[in-house]
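Right, one structure below, let's go through it.
Derivation of every value follows stated rules applied to the coordinates shown; laboratory data play no part. These numbers come from a predicted model, not from an experiment. Because the Cβ atoms are built from the backbone with ideal geometry, glycine has one as well, and the counts that use them run over all protein chains shown.
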Amino acid sequence: MPLTNIEAILDDDFPKSDKNCMFQCALEEGDCEVLKTYIKKYGKTPYRMEGVIYDAIQYNRGEIIHLLLEFGADVNEIYSDGFTLLHIAAQYGACRTLFPLIFAGAKLDSKNDHGWTPLHYAAASDFVATDLIGILLDFGANIDPVNNAGYTPIFEAMDLIGHQKEAISNVQYLLARGANIHARLPDGSTLLHVAADALNYINEVYTGEMLSICRLLIERGLSICDLRNDGASVLSICHTSAAVAALEKISFESKFLHAPPATHKF
């Protein structure tokens with residue numbers, strides 16, 4: 001009668017290489033009992049703890065992360081390039097691993113060697129990451145940290161819009177959560193400059209959504225007349241007359257059609 005996975009791990013005559021293979025399979029499948037039995041038996045994992053945690057995050061196995069933390073993994077250990085486990089989880093979009101990491105005391109605003117926080121990675125995702133962003137913000141992450149390049153998370157998300165349609169949802173969500181729209185990049189660009197530049201590259205199917213973001217930015221106080229350090233206005237970086245006309249129309253409507261009625265004293 002064949003041995004169960006746990007019996008095989010406990011059997012000293014069972015080949016160690018096969019046990020290691022079973023450990024990897026259990027990691028992929030989220031089988032905590034096999035992993036727990038192995039670690040209790042040998043006092044360690046068959047691989048470096050860093051590699052095991054990376055795999056658990058990649059497979060989005062929150063229960064495995066919880067187990068590894070119980071067995072001594074350091075939730076705030078600094079890995080290559082200054083990454084923490086929370087950076088890695090945000091980069092992979094592994095929402096289910098965020099909770100055990102945060103509950104174990106992961107530093108929400110830790111910066112890696114490039115000055116990126118976990119929220120920067122969530123915002124710069126090539127997928128709709130509103131759940132990921134929301135979890136980080138709900139637990140108290142700073143919505144406007146600045147990385148070494150001078151970008152806040154919303155700038156990172158906005159910078160992707162021309163090439164990644166999913167970034168639109170991430171930008172809209174960050175705006176709804178209160179991201180600072182008046183921040184500027186080191187070259188003086190406003191979010192409206194970056195949004196206008198995205199109009200030069202975005203698929204026309206999503207132009208309407210992009211213009212709705214531009215409208216929101218203008219209605220909240222940004223202007224098509226704002227200048228970068230080199231003197232470039234928002235309109236001057238538009239490549240098409242259609243984009244210029246659309247932004248001028250939004251600006252006009254924001255100023256005159258939505259303005260409060262004038263009061264006159266007689």
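Brief remarks follow.
- With the charge dipole of the chain set up from +1 on Lys and Arg Cβ and -1 on Asp and Glu Cβ about the Cα centre, the Cα lying farthest toward the positive end among the listed residues Leu69, Pro186, Gly51 is that of Pro186.
- Pairs from the list Lys107/Lys165; Lys16/Lys40; Lys40/Lys107 with a Cα-Cα gap above 26 Å: Lys107/Lys165; Lys40/Lys107.
- Within the shell defined by Cβ-Cβ distances under 15 Å, the residues around Val75 carry a net charge of -4, with Lys and Arg each +1 and Asp and Glu each -1.
- Expected 222 nm ellipticity per residue - DSSP helices of 4 or more, -39500 (n - 2.57), all of the chain, to 500: -14500 deg cm²/dmol
- Shape call, the stretch 92-168: gyration tensor on alpha carbons, a/c limit 1.5: oblate
- Rounded to whole numbers, the Karplus 3J(HN,Hα) couplings from phi for the stretch 114-121 are 9, x, 7, 9, x, 5, 4, 5 Hz, using 6.51 cos²θ - 1.76 cosθ + 1.60 with θ = phi - 60°, and x at Gly and Pro.
- Working note: Karplus 6.51/-1.76/1.60 with θ = phi - 60° gives the stretch 24-38 the couplings 5, 4, 5, 5, 5, 8, x, 8, 5, 5, 5, 4, 5, 4, 4 Hz, where Gly and Pro are set to x.
- Placing +1 on the Cβ of every Lys and Arg and -1 on the Cβ of every Asp and Glu, with nothing else charged, gives the stretch 181-257 a dipole about its Cα centre of roughly 180 debye.
- The aspartates and glutamates whose alpha-carbon is closer than 18 Å to the alpha-carbon of Lys111, local same-chain residues fewer than 8 away aside, are Asp74, Glu77, Asp81, Asp144, Glu156.
- Lys36, Lys255 arranged by Cβ crowding within 10 Å, fewest neighbours leading: Lys255, Lys36
- Rounded to the nearest 20 debye, dipole of the chain from Cβ charges on Lys, Arg, Asp, Glu: 900
- Fraction in percent of alpha-carbon pairs per bin - 10 Å, the stretch 181-257: 20, 57, 22, 0
- Dipole of the chain, positive end: most advanced residue of Leu216, Ser125, Leu35 [Cβ charges, Cα centre]: Leu216
- Relative contact order (percent, whole number), the chain, Cα cutoff 8 Å, 6+ residue spacing: 10
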